[in-house]
Structure formats: C-alpha cells, structure tokens
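Following: one structure in structure tokens, then a few remarks.
What follows draws every value from the coordinates through simple rules; no lab data is involved. Treat the numbers as computed from the prediction; the structure is a model and nothing was measured. Positions of Cβ are backbone-derived with ideal geometry, glycine not excepted, and every protein chain shown enters the neighbour counts.
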Amino acid sequence: MVGDAAAQAIHGGIQGSKNDPQNGWLIPCSLQSSTDNISFTMGGTPFNVAVADLAYEDVGDGSGLCVSGVQGGSEDLWILGDVFIKNNYCVFEQSSSPRIGIAPLKY
C-alpha cells in the first residue's frame, strides 16, 4: 500500500489500468508475463519490482483484469509487502535492537 498520489502515478504508467470502487486498482492480467520493472526510490537508492508481480489476482469477471499488488491509501504510511519483499533483499533483525535492512536485487 502506498499513498493515493503514488498509486495514481504508478498506475498512470500502466496501460489498461483503472481504479475500481469495489476492487481498488486493477491492471491487465496479461502483465503477468511482462519483463518490465517499476522502481521505488528510498534514501536515494532505487528498488525494483517486477511488473509481472503486480498482477496479483484475476477479478474473475471475464474482463482480463487483475487486482494490482499496489493499492492507494494513506499518504503518511506506506506498507511495502510481499510484492516488494520478493523483489529485494530484506533482512529483519529481531533482537533487543530490532532493525530492517533492504538492498536491491541485481538483475
């Protein structure tokens, strides 16, 4: 989940995407075979996410649209979940000083 403005910007670059009031952002299921990436920049470092991983689940109405793995929400809180984590190295330290380390995959 990202801010609404970021979700709009991301999906604005995906032909055939639409924001459905019932299902949220939808993108063509045909993107599951895409080799393109989108990039999130944090701290000056770009982190790629495969566009194929965004086509999450077919809505099942015969439209050929899938629920997008990126949805809009609060501008103040971004949740980078499984779609992000599977495309980047993520290390979670669960100690008395917990921390998270993230590094981009090299393709």
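Below, the figures for the structure above:
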quantity: Placed amide H near Phe47: partners under 5 Å, 5+ positions off or other chain; calculated: Phe40, Thr41, Met42
quantity: Descending semi-axes in whole angstrom, ellipsoid equivalent of the chain, from the Cα gyration tensor; calculated: 26, 15, 13
quantity: Label zone at Asp58 (point 7 Å along Cα-to-Cβ), backbone N below 17 Å, segment 1-44; calculated: 26-34
